[in-house]
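Right, one structure below, let's go through it.
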Amino acid sequence: MDHKNRAILGMLVLGLLAMGCSKKEQPNGGSVDEGLAAANSWLEVVDAQRYEDSWEQACAYFKGVVPKEQWVTQVAGVRGPLGSVLSREVASAEYTTHLPGAPDGEYVVIQYRTKFQNKATAIETVTPMRDPDGIYRVSGYYVR
């Protein structure tokens, strides 16, 4: 696998894994709300095409898997052709502590129904993870 393909895999790995996550009841009502807040804030940065900032705001695990330069190139290649966001609504948000192929932790797997300027129907999956400092930060992003 060449360097570019590894970057694509790294960028998408947690987003793809999130789709097959095992569900578990959240320990408190705040976890999903905290994850949603983190995802919404992070998406604003991505929507503004501030891709370097989106990498900076991602969780430590994500930054360890995907180098900043590769993230910027890959997310620009995925999001750029879609155009601006016309609408976005939460379709689901689920708390889990296990994602296949990822370390155990606290995750919120969020799927959004999104309408882009150049793609009328899309599903964005954003997966915030609770970092060691207790703050949720994005660990995965996937658009289909």
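Quick note: the coordinates plus some simple rules give every number you see, no bench work behind them. Owing to the predicted nature of the structure, the values given are computational and were not obtained by experimental measurement. Counting neighbours? That spans all protein chains shown, and the Cβs are built from the backbone with ideal geometry, glycine included.
When the Karplus curve 6.51 cos²θ - 1.76 cosθ + 1.60 is applied with θ = phi - 60°, which whole-Hz ³J(HN,Hα) does each residue of the stretch 139-144 get, with x for Gly and Pro?
Per-residue couplings from phi come out as 10, x, 8, 8, 10, 9 Hz.
Output ³J(HN,Hα) for the stretch 75-91: one whole-Hz value per residue in order, computed from phi by the Karplus curve 6.51 cos²θ - 1.76 cosθ + 1.60 with θ = phi - 60°, and x for Gly and Pro.
5, 5, x, 7, 7, x, x, 6, x, 6, 7, 8, 7, 8, 9, 6, 8
What nm distance separates the two modelled labels at Glu44 and Lys115, each placed 7 Å from Cα along Cα→Cβ?
Those two pseudo-labels are separated by 2.3 nm.
Per residue Cα convex hull volume for the stretch 42-125, in cubic angstrom?
99
With only Lys, Arg, Asp and Glu charged, each at its Cβ (+1 for the first two, -1 for the last two), find how big the charge dipole of the stretch 34-105 is about the Cα centre; round to the nearest 20 debye.
About 200 debye.
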